[in-house]
Structures are given as structure tokens and as C-alpha cells.
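Visitor: Have a look at the structure that comes next, please.
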Amino acid sequence: MSGLVLRGGLVCDPESGTLAPGDVVVRDGRIAVAADPADPVVDVSGLVVTPGLVDLHTHVFVGQDLGVDPDVAGPPSGVTTMVDTGSAGAHLFGAFVRGTVERAETRIGAFINIATVGTTSILLSGELKTLPYVDPAACRAAIAEHRDRIIGVKVRASADVAGDNGVVALDRAREVADAEGLPLMVHLGPPPASLADILARLGPGDILTHCFTGLSGTPFTERGRVVDLVAEARQRGVRFDVGHGMCGFDLEQARAAVDAGFLPDAISTDLHTYSRPIVGDLPGVMAKFLGLGVPLPEVVRRTTLEPARIAGFDGVGTLRPGAPADVAVLRVTETVQAVLTVRAGEIVYRAPK
């Protein structure tokens, strides 16, 4: 039996919302209750211990120009679970599974792009500008083949990606998601489609990503409160994801929303090759929300338990006994930095001293 004890830190439990001194015990790849005297001990005094971080919005199709290697980017940032959001469509999903998902140590879930070619380079014409790529039948066939890997459908319904096809592509993605019983994730950007167009088509479990973008032309808040269509969408179960990226996050939009009492369901990076120099990593995005006055337990909940639930990963994002032993140890000051990362009970990253 292999064990490990993380001793002396502040344990942040996203289920109870508590932040208190305690030990986290790992045995045989699972969170355990009691330590064995023979277990090696790691002193994490002065640090915060959380479940392994879950990044709900990434691009990790290795070999695609956008794709970052999940096993290179994840461990040094405390991230043990990454969700790829539409890098691959029907024609490339098999290559994504064989070349990235099956080889990665990092847990990976995926939204399939409604466009058969997936997310084309941000430097080139978007994948939705050619409507024949937006093929519901091909998307459904790929879902049938890779049902165990696909957690939802993604559409980047914004003018820079779709031209005038945003609403058509959105409706085709909605058709597939409904037919397959999967959630739909929609990228918010310049209209068409507008925020109103998108939210009108989203229901319980669907996700609006880049929710605090400044590019949509529609304010998220008005006169100190969240606009009605956003409040109504949340009430009927639509989930809101940050998806920071290169230009998917406007600090003033986020500040106004937080001040109005609206917190995103998931705090994520939209990490890809071009965004990485700007967004950094998930702890860096966490620090922005701490700077906006969001309490640490709430930030941790939105980077562990909530995105795991949105993605359908049962038992992930928690420190409950019996859960997978994915753990992040963080140094929280004006910044947030990963010091130690445990994945499936094994240390996969330790910051240099």
C-alpha cells in the first residue's frame, strides 16, 4: 500500500466551504481517512491544500497549433483535470483521442466542436464561416463512436469565427446537443449571435463561456444589478464560465458582476498556445477573483467542485474520503502559485525551492 500525508496546511474543502488547519492523507490513489505511521510526510505549513484544480476551458489537442500539452501545462499549475472545449470536430476527434487523451496523465474531458474541422487557428478564418463544415450528422456520428470521451457540444457563435453564420451554427449545435442528451457550451463574442440570441437557446446544464467578455457589445450588468436575461438564464439552470483567454475577460465587467452579487459557476483559463502568455495559468485567474474580493473558499469551489460537476466528473474536485487523490498545494499571497501537485496519489509536480 502506498501512502502520503500532506501535513500542517490550511485545508480548503469546496463541499463544506471551510478553510481550516488539517492533514490530507492519500493511500492507493484515493483520499484516505487515517495515516499509517510508515507513510511519508510532506510539510505544507503556511500553504493551502485543495482538491486538484479543474480547468473547464482549455485547448489541449497536441499537434494542433492551438494545443498545449496537458501534462506540461497542468501539473505546474495545480491542475489535474482539463476540459478541452471544441479543439476537435468530427473529422479530427479520433486523432485527438489517440494522440492526446489516451496518452495524457492529466484527466481530460472534451466538448466536440459542431464544425467538423474543430477550432481552426485564431490567425485564420474561423471554422463556422464555411457552413458545410457545420454538419450535425457528422457530429452525431462522432459522438456515437466516442461517447465515453465526449461530455458536450461546443460552438463558437461569434462574428470573428462565424461571420454571418453565428445563429445558424448555434441552432445546429443545439440540435445535436438535444438529440444526444448533452450540454451545449457556447462561446460569447461579437454578434451575431448576440447575448440574447444565445441565452434564449440555453437551458439547464448548458454553459455560456467568456461570460465576462467585453466584446459582445452587451453589458452584463446595468445600474448595479445583473441584467434580467442573465438573471433569468441562471435561474433556469444555465451555467456561466469565465474562459479568460486572450480577450474573453474584461476586468470591469467581472468587477461589476461580482459587486452585483453574481459569481461565475466556473473560473477557467481558455488556455491555448496564443493565450498562454496573457492568461498564464489557472492560479493566476484565481488571483484576479481574490483581488475582486471573492473569498478563497468560493474561488476554490469554482475551480474544483463546480467545474467537475458541470463536466460530469463524479467524485472529482473534492477531498472526500474515497475520492481520487488529486490534490493541489497552493501558496496564496497577492498571487496564487502551485507548490505541489498530486495526481492519482503520485506527486507530479514540486516547485523548486
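Visitor: Please work out the average accessible area per residue across segment 279-353, using the 1.4 Å probe convention, and give it in Å².
Guide: Values: 3090 Å² over 75 residues.
That works out to 41 Å² per residue.
Visitor: Taking 7 Å along the Cα-to-C-beta vector as the label spot, tell me the Glu252-Glu145 distance in nanometres, rounded to one decimal.
Guide: Each label point is offset 7 Å from its Cα along the Cβ direction, giving 4.8 nm.
Visitor: Here is a further query. On a straight-distance basis, which lysines could pair with Lys129 in a cross-link, Cα separation under 21 angstrom, same-chain partners fewer than 8 positions away excluded?
Guide: Lys154
Visitor: Hey, how many Å between the Cα centroid of segment 1-26 and the Cα centroid of segment 117-195?
Guide: If we compute the Cα centre of each part, the gap is 40 Å.
Visitor: Under the rule of at least 5 residues apart or a separate chain, name every residue whose amide H is placed under 5 Å from the amide H of Gly205.
Guide: Distant-sequence amide H within range of Gly205: Val238, Arg239.
Visitor: May I pose another question? What's the FRET efficiency of Asp197 with Ala137 using the Cβ-Cβ distance as r and R₀ = 22 Å, to the nearest 0.05? Walk me through the numbers before you get to the answer.
Guide: Values: r = 24 Å, r/R0 = 1.09.
In this case the efficiency is close to 0.40.
Visitor: How big is the charge dipole of segment 274-317 about its Cα centre, in debye rounded to the nearest 20, if each Lys and Arg gets +1 on its Cβ and each Asp and Glu gets -1 on its Cβ? Kindly include the intermediate steps, with their values, before the conclusion.
Guide: Values: 5 positive and 4 negative charges, 21 e Å.
Taking the Cα centre of segment 274-317 as origin, the dipole is about 100 debye.
Visitor: Then there's this: Any idea what the dipole of segment 285-353 comes to, in debye rounded to 20, about its Cα centre with Lys/Arg Cβ at +1 and Asp/Glu Cβ at -1? Don't skip to the end; give the middle numbers.
Guide: On the way: 9 positive and 6 negative charges, 30 e Å.
That gives segment 285-353 a dipole magnitude of about 140 debye.
Visitor: On to the next question. Which of the listed residues, Ala344, Ala287, Val332, is farthest toward the dipole's positive end in segment 199-353, when Lys, Arg count +1 and Asp, Glu count -1 at the beta-carbon?
Guide: Result: Ala344, furthest along the dipole toward the positive end.
Visitor: Same structure again: Sort out for me the Cα centre separation of segment 275-331 from segment 199-229, rounded to whole Å.
Guide: Centre-to-centre distance over Cα atoms comes out at 22 Å.
Visitor: Counting only the backbone N, which residues of segment 174-200 are under 16 Å from the spot 7 Å out from the Cα of Leu229 toward its beta-carbon?
Guide: 186-200
Visitor: What part of the accessible area of segment 254-353, given as a whole %, is carbon or sulfur when the probe is 1.4 angstrom? Write out the running numbers ahead of the final one.
Guide: Values: 1970 of 3990 Å².
Roughly 49 percent of what the probe reaches on segment 254-353 is carbon or sulfur.
Visitor: Order of 53-62, 296-305, 167-176 by packing, highest average Cβ count within 10 Å first?
Guide: 53-62, 296-305, 167-176
Visitor: Let me ask you something else. In Å and from the alpha-carbon atoms only, list the Rg and Dmax of segment 129-250.
Guide: Over segment 129-250's Cα set, Rg and Dmax evaluate to 14.3, 49 Å.
Visitor: If I model a spin label as a point 7 Å beyond the Cα along the Cα-Cβ vector, how far apart are those points for Arg350 and Asp28 in nm?
Guide: If labels sit at Arg350 and Asp28, their model points lie 2.5 nm apart.
Visitor: Write down the accessible area per residue of segment 98-211 in Å², having rolled a 1.4 Å probe over the full set of protein chains.
Guide: Using a 1.4 Å probe on heavy atoms only, each residue of segment 98-211 averages 37 Å².
Visitor: Measure off, as a whole percent, the carbon and sulfur share of the 1.4 Å-probe accessible area of segment 1-128, all protein chains present. Show your work: numbers first, answer last.
Guide: Working: 2520 of 4600 Å².
Within segment 1-128, the accessible surface is 55 percent carbon and sulfur.
Visitor: Another question, if that's okay. Can you list residues whose amide H is under 5 Å from Ala325's amide H, if they're 5+ apart or on another chain and H is modeled 1.01 Å from N?
Guide: Sorted by chain and number, the residues that satisfy this are Arg30, Ile31, Ala344, Gly345.
Visitor: Mind putting a number on the dipole of the chain about its Cα centre? Charges go on the C-beta only, +1 for Lys and Arg and -1 for Asp and Glu, and I need it in Debye to the nearest 20.
Guide: 160 debye
Visitor: Highest mean first, how do 214-223, 342-351 rank when packing is the count of other Cβ atoms within 10 Å averaged over residues? Could you put the intermediate results ahead of the total?
Guide: On the way: 214-223: 15.8, 342-351: 18.1.
Going from most to least packed, we get 342-351, 214-223.
Visitor: Can you bin every Cα-Cα distance in the chain into 20 Å intervals starting at zero and give me the percent of pairs per bin, rounded to whole numbers?
Guide: Bins of 20 Å from zero give 33, 57, 11, 0 percent of pairs.
Visitor: One-quarter of the Cα convex hull surface for segment 143-201, in nm²?
Guide: One quarter of the hull surface, i.e. the mean projection, equals 3.9 nm².
The values are calculated or read from the model by the stated rules, or taken from the named source; none is laboratory data. Remember, predicted model here, so these are calculated numbers, not experimental data. In this analysis, Cβ positions are derived from the backbone assuming ideal geometry, glycine residues included, and neighbour counts consider all displayed protein chains. Protein only, heavy atoms only, side chains kept; ligands, DNA and RNA dropped before computing areas. Shrake-Rupley method; radii C 1.70, N 1.55, O 1.52, S 1.80 Å.
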